[in-house]
Structure formats: C-alpha cells, structure tokens
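Below: the structure, in structure tokens.
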Amino acid sequence: MNGQENKGSIDDPHRRDSVQPAEIALDFNVKRIETVTIDGPPELMRRDLMSPYVWREDDGRWGMMVRATVRPGEVLTDTGQIWAGWSDDGVRFAMLDSPSIVPGPDDHDAGGVEDPTVVRQADGYVVYYSGVLADHARGELSYAMGPSLDRLRKSGVALASSKSESNTKEATVDRSADGRWRMFYEYAADAASRIGLAIGSGIAGPWVEQPTPFMPRHDSWDDWHLSPGPLLTDDPAMPVMFYNGATRDARWRIGWIAFDANYERIVARGIEPMLTPPPVDDRSATDIAFAASVVVEQGAIWLYYSLEDRRLARALIRRS
C-alpha cells in the first residue's frame, strides 16, 4: 500500500465524505425476511455460519460460499473454514462434501479463513477471503483461484496490511468497464474498524490507495465501527453499498450509502439502519446483523446476511 496521507481523522475537511450528500430522493426498506438453510456433512453442520456470499450462475443456480466457525465453548481449532454449495431457490443450499478453502499451510492464513467474496470469470472463479495468522491476532486479505469451487488453489495475499492499516479483510469488489478493479475493504485503526478503498489493474493489484470513502457519524448507530458490505450496481450511475456499522460496543447494524458513478462523491446516505437484529431470548447471542452479498433477480433485491455470528438470512429490499 502507499502512504496514508489521505486517511485523515474523523474531522478532516479533506476527506472525501466530508462533502455533504446531494439532495436525492432515495431510500431502502425491508419488505420480507427469510431464513437461509443448508444441508451438508456432519463436519459442517456442527459449526455456526457467517458471511454468506451468494450469486446467480448462468444456468439459473444460486451459488453460495460461507464461513463456518467453531461454536462457542468448543475447542478453537480455527477461526473459520469456507464451504460452498448450490441451490435452486436461493433459500435452501446443498453444500459440497468438503470445505473449499481451509487454513494453512502458509502462515498468512494458518489460523483461519473467513469472509469469502466470489468473482466469476470466463475460466472459473476468484475468491477473496480474510486469512488469519496462527495466533489469531491479525490477518491479511488473501485470494484463491480455480476452475470450480472444489478446485481452488490459494494464490497468496491480495492486499497486505500496512503500519497504519492492519488486519485487512472483508473485500467488496467491483470491476470497471475499463478493466480496473475497485476494492473496498475493512481495516483496523484507532481501536475501530474502518473502510478503505484501493484501485488495481488486476486481481492482486498492484493497488493504489484512494481517499477514505466514508467515515463514522457522531451520535449515530454507526458512530464507531464500519465494514464494507455488498454493492448494488443495477443502476451504474448511482451504485449503492449496503454497509455494516456499529457503536463502540459492537452492536452491528446494516445501512446504505449511495455514490456517483465513479465512487468519487456521496450522493445519499440512510439516516437510520435499514436492518437490525430481532430481539432474542438467548443471552449468549451477539447483537449483530452483518451484510455479505446482494443478488438482483427479476427486479427483486435480495440481501444476504448473517445474524448473531451463527445463522443466515436474506431480506427482500425495496428501493423507493
């Protein structure tokens, strides 16, 4: 990564998101919520599920890659494996017999593999994922490639941490018409999660750092932590990110923010969270809703997300 002169503090007037959003009549709300279920081998069914990345294939199937984690109270063998599966309806997925990406043997992901993001190509798939070191203390954004989901080969680190941006993870990728790759990612700084942005000429860069796309808002539901979520790009003139935001005590919610066509200006941003976790009786449940992917099917916007860091859901989103 290049130097950090563009990062700035939350009050930096040179930050990109210091520009006030334009007056655009735009809003999103949830019409319906559905539970997403999986069927797979016992090794998978014993784990909790997070970060469901879902997409449509040309043959009509729904694909999914998901992070499977060791349940609380069990021996922590890793922070995650990545499994893949298929569905005919986008709700019930039949998973493969074994994980597609597992930790190790290299150091950069020996502790776990997390947060898959799938890019389909003519000759197969690119999967960005968060690789966690063996000590589970930090990680780096990594990637794997292959002709099918059961034949992926790790290709190393896609976006390394730097002195001021540690623990790079949670990739959101958009490929421009000119072939360049735009990557939003989460990084750790000042005891908080932040969103970075870089532009690269290929799958693994080299990446050129861009100004910070947006920052937390004071006295709001997203006043401390931010993490990128999926991009809704059915209107190329105004791409929308369903992002994840939280207070300092990590009560994560899902909101939205809209950009101009080149992601150079914020044109609208939701005031309240679009999606919050439902009340739960289980005191061990975490207060988290976390967006992972979005699919547009015949005009319907389906947002896939995880709840409580252990179960999956999708929401039908209405744009108004």
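Against the conditions (1) of a type in the set (D, E, K, R); (2) open to solvent by less than 20 Å² (accessible area, probe 1.4 Å); (3) more than 27 Å from GLU34 (Cβ to Cβ); (4) without any contact (Cβ under 8 Å) to a residue 60 or more places away in the chain, GLU308 satisfies every one except (3).
Checking each residue in the stretch 189-205 for being without any contact (Cβ under 8 Å) to a residue 24 or more places away in the chain and farther than 16 Å from VAL126 by Cα picks out ASP190, ALA191, ILE199.
Residues that are part of a loop (DSSP other than H, G, I, E, B), modelled with pLDDT of 95 or more and closer than 21 Å to TYR304 by Cβ do occur in the stretch 77-85, at least one of them.
Can you work out which of the residues in the stretch 244-269 that are among the aromatic types (Phe, Trp, Tyr) and out of contact with any Phe, Trp or Tyr (no Cβ under 7 Å at 6 or more places or on another chain) is modelled with the lowest pLDDT?
Looking only at the stretch 244-269, we keep the residues that are among the aromatic types (Phe, Trp, Tyr), and these are 252, 256, 259, 263.
Those left that are additionally out of contact with any Phe, Trp or Tyr (no Cβ under 7 Å at 6 or more places or on another chain): 259, 263.
Working: PHE259: 95, TYR263: 91.
Only one residue tops the list, namely TYR263.
Working only within the stretch 140-170, note down all residues that are among the polar types (S, T, N, Q), in a loop (DSSP other than H, G, I, E, B) and surrounded by fewer than 18 Cβ atoms within 10 Å (Cβ to Cβ).
Here is the first cut: in the stretch 140-170, the residues among the polar types (S, T, N, Q) are 142, 148, 155, 161-162, 164, 166-168.
Retained after the next criterion (residues that are in a loop (DSSP other than H, G, I, E, B)): 148, 161-162, 164.
Once the filter is applied, which keeps residues that are among the polar types (S, T, N, Q), in a loop (DSSP other than H, G, I, E, B) and surrounded by fewer than 18 Cβ atoms within 10 Å (Cβ to Cβ), the stretch 140-170 yields SER148, SER162, SER164.
Residue pairs whose Cβ atoms lie under 9 Å apart, sitting 6 or more positions apart in sequence or on different chains, and linking a residue in the stretch 261-276 that is in contact (Cβ under 8 Å) with a residue 60 or more places away in the chain to a partner that is among the hydroxyl-bearing types (Ser, Thr, Tyr), are LEU275/TYR305. Within the stretch 120-135, if we keep just the residues that are crowded, with 18+ Cβ neighbours inside 10 Å and in contact (Cβ under 8 Å) with a residue 40 or more places away in the chain, the residue that is farthest from LEU49 (Cα to Cα) turns out to be VAL126.
Could we say that ILE203 is modelled with pLDDT of 95 or more, aliphatic (A, V, I, L, M) and either more than 28 Å from ASP287 (Cα to Cα) or crowded, with 21+ Cβ neighbours inside 10 Å (or both) here? Judged against the criteria, ILE203 is not a match.
Selection of first residues in the stretch 81-98 that are crowded, with 22+ Cβ neighbours inside 10 Å and of second residues that are of a type in the set (S, T, N, Q), restricted to Cβ pairs under 7 Å at least 6 apart or on distinct chains, gives the following pairs, ordered by first then second residue: ILE82/SER100; TRP83/SER100; ALA84/SER100; PHE93/SER87. Which residues, counting only those in the stretch 99-119, are of a type in the set (Val, Ile, Thr) and open to solvent by 50 Å² or more (accessible area, probe 1.4 Å)? Hit for the stretch 99-119 is VAL102, nothing else. Residues in the stretch 14-45 that are at pLDDT 95 or above, among the β-branched types (Val, Ile, Thr) and surrounded by 12 or more Cβ atoms within 10 Å (Cβ to Cβ): VAL30, ILE33, VAL36, THR37, ILE38.
The values are calculated or read from the model by the stated rules, or taken from the named source; none is laboratory data. Note that the structure is a prediction, hence the values are computed from the model and not measured. Counting neighbours? That spans all protein chains shown, and the Cβs are built from the backbone with ideal geometry, glycine included. Side chains included, ligands, DNA and RNA excluded: accessible areas come from the protein's heavy atoms. Shrake-Rupley method; radii C 1.70, N 1.55, O 1.52, S 1.80 Å.
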